[in-house]
Amino acid sequence: MQLENLLIEVKDNILYITINRPKNLNALNIKTIVELDEVFEEYMYNDEVKGVIITGAGEKAFVAGADISEFADFTPEQGKTMSENGHDTFDKIENYPIPVVAAINGYALGGGCELSMACHLRVASENAIFGQPEVSLGLIPGYGGTQRLVELIGKGKALELLMTGDSINAALAKELGLVNYVVPQTELMTKSEELLKKIFTKGPVAVSKVVQCVNAHFRGGGYVGDSYHTEVTQFGQCMETEDFTEGTTAFLEKRKADFKGK
Ligand code: COA
């Protein structure tokens, strides 16, 4: 895969994706979204990869938004296509079958905040700044921000941030539930890896089903009616997995489970 704007590396079962446009504070141009989509597609069922960490190059920005210079003269039709494509990619991340952590190393504005919210978990460095400043450009978020921000922090605070375009620091983001952890920048990767490694000890099929069920709550109930029904179905399906047999057997034999993700 030829990548212009992303750096990727696989180490210890983790796929590291670094958005690498530091001169533009890692702003997401369309090519970067396409590359993100390709990388997530490519590694979706790769036995070597059990989890993903996304971060931004440098120490200043995770992603400072969609690339304003690229869409400034877009027509409504081009804008709609840009938003649709971004939604497809971010939905893919949100529904990814293995855990995805955003390691937010600085500005997470506009599309950057939206990208972090599409990930399953968010770890921020102390210097991280979050916001959806699109109204300052006469625009609204186009990569799911009006929806996922409400899901994560509630309607009242989300409306305030979306309507004022205000930015918030990492400490407030944690207080509001926008991020899971805030750590010094030097510990950002270690904390993100620690979270993934804990999840790696659990049944992978079950972890994937947790994501499906939680997402079903926010997405019209998933594929089988309402989201409670999704849980009922997925709960039953767990019992035909080898992971379930291994997990329960290991418990009864008082040993650590050795899950195969099957
Ligand atoms: N799109 C395109 N370029 C961007 C960008 C974006 N979203 N965010 C930053 N950049 C570019 C700047 O234009 C600048 O490029 P230049 O050196 O060629 O002039 C470079 O990145 C550095 O940014 P700069 O503004 O000089 O850094 P700063 O420290 O003064 O300010 C921010 C940092 C994040 C506050 C500021 O860059 C900003 O407000 N960015 C836009 C945020 C935004 O509105 N995002 C939502 C877009 S939908």
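The values are calculated or read from the model by the stated rules, or taken from the named source; none is laboratory data. Keep in mind the model is a prediction, meaning the values are calculated, not measured. Here Cβ is always computed from backbone atoms with ideal geometry, including for glycine, and neighbour counts include all displayed protein chains.
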In region 114-132, the residues that are within 12 Å of the ligand (Cβ to nearest atom), crowded, with 24+ Cβ neighbours inside 10 Å and of a type in the set (A, V, I, L, M, F, W, C): Leu115, Ala128, Phe130
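Could you tell me whether region 200-207 includes any residue that is within 27 Å of the chain's Cα centre (by Cα) and loosely packed, with under 14 Cβ neighbours inside 10 Å?
Looking only at region 200-207, we keep the residues that are within 27 Å of the chain's Cα centre (by Cα), and these are 200-207.
When the remaining residues are screened for being loosely packed, with under 14 Cβ neighbours inside 10 Å, the result is 201.
Yes: one or more hits.
Is it true that Val135 is β-branched (Val, Ile, Thr), in a helix (DSSP H, G or I), out of contact with any His (no Cβ under 6 Å at 6 or more places or on another chain) and more than 9 Å from the ligand (Cβ to nearest atom)? Quick ask: steps written out before the conclusion?
Working: β-branched (Val, Ile, Thr): yes; in a helix (DSSP H, G or I): yes; out of contact with any His (no Cβ under 6 Å at 6 or more places or on another chain): yes; more than 9 Å from the ligand (Cβ to nearest atom): yes.
Yes; evaluated as a whole, the condition is true for this residue.
Among the listed residues Glu193, Glu246, Glu253, identify the single one that is out of contact with any helix residue (DSSP H, G or I) (no Cβ under 9 Å at 6 or more places or on another chain) and over 20 Å from Asn13 (Cβ atoms). I'd like the intermediate steps shown before the answer.
Details: Glu193 fails: over 20 Å from Asn13 (Cβ atoms); Glu246 fails: over 20 Å from Asn13 (Cβ atoms).
Exactly one residue qualifies, and that residue is Glu253.
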Pair list, Cβ under 6 Å, 6 or more apart: region 74-92 residue surrounded by 13 or more Cβ atoms within 10 Å (Cβ to Cβ), other residue part of a helix (DSSP H, G or I) and at pLDDT 95 or above: Gly86/Ile33; Thr89/Ile33; Thr89/Leu36; Thr89/Asp37; Phe90/Ala118; Lys92/Phe40
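What is the residue count in region 209-260 for residues that are among the acidic types (Asp, Glu), modelled with pLDDT of 95 or more and within 22 Å of His120 (Cβ to Cβ)?
Here is the first cut: in region 209-260, the residues among the acidic types (Asp, Glu) are 226, 231, 240, 242-243, 246, 253, 258.
Going one step further and asking which of them are modelled with pLDDT of 95 or more, we end up with 240, 242-243, 246, 253, 258.
Imposing the further condition that a residue be within 22 Å of His120 (Cβ to Cβ) reduces the set to 243.
Residues flagged as among the acidic types (Asp, Glu), modelled with pLDDT of 95 or more and within 22 Å of His120 (Cβ to Cβ) within region 209-260 amount to 1.
Scanning region 1-45 for residues that are among the acidic types (Asp, Glu) and touching a helix residue (DSSP H, G or I) at 6+ places or on another chain (Cβ under 9 Å), which turns out surrounded by the most Cβ atoms within 10 Å (Cβ to Cβ)? Quick ask: steps written out before the conclusion?
If we filter region 1-45 for residues that are among the acidic types (Asp, Glu), which is where we start, we get 4, 9, 12, 35, 37-38, 41-42.
Applying the additional criterion that residues be touching a helix residue (DSSP H, G or I) at 6+ places or on another chain (Cβ under 9 Å) yields 4, 12, 37, 41.
Details: Glu4: 11, Asp12: 12, Asp37: 17, Glu41: 12.
Among residues in region 1-45 that are among the acidic types (Asp, Glu) and touching a helix residue (DSSP H, G or I) at 6+ places or on another chain (Cβ under 9 Å), the one surrounded by the most Cβ atoms within 10 Å (Cβ to Cβ) is Asp37.
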Residue check, Gly247 under 17 Å from Phe200 (Cβ atoms), in a helix (DSSP H, G or I) and touching a residue at least 12 places away in the same chain (Cβ under 8 Å): yes
Per-region count, region 173-186, residues touching a residue at least 12 places away in the same chain (Cβ under 8 Å) and assigned to a helix (DSSP H, G or I): 4
Count of residues meeting criterion [farther than 19 Å from Val210 by Cβ and loosely packed, with under 11 Cβ neighbours inside 10 Å] in region 238-257: 5
Residue within region 46-63 that is surrounded by fewer than 17 Cβ atoms within 10 Å (Cβ to Cβ) and in a helix (DSSP H, G or I) present: no
Breaking point among (1) away from the ligand (no atom under 11 Å from the Cβ); (2) over 24 Å from Val183 (Cα atoms); (3) surrounded by 14 or more Cβ atoms within 10 Å (Cβ to Cβ), for Phe71: (1)
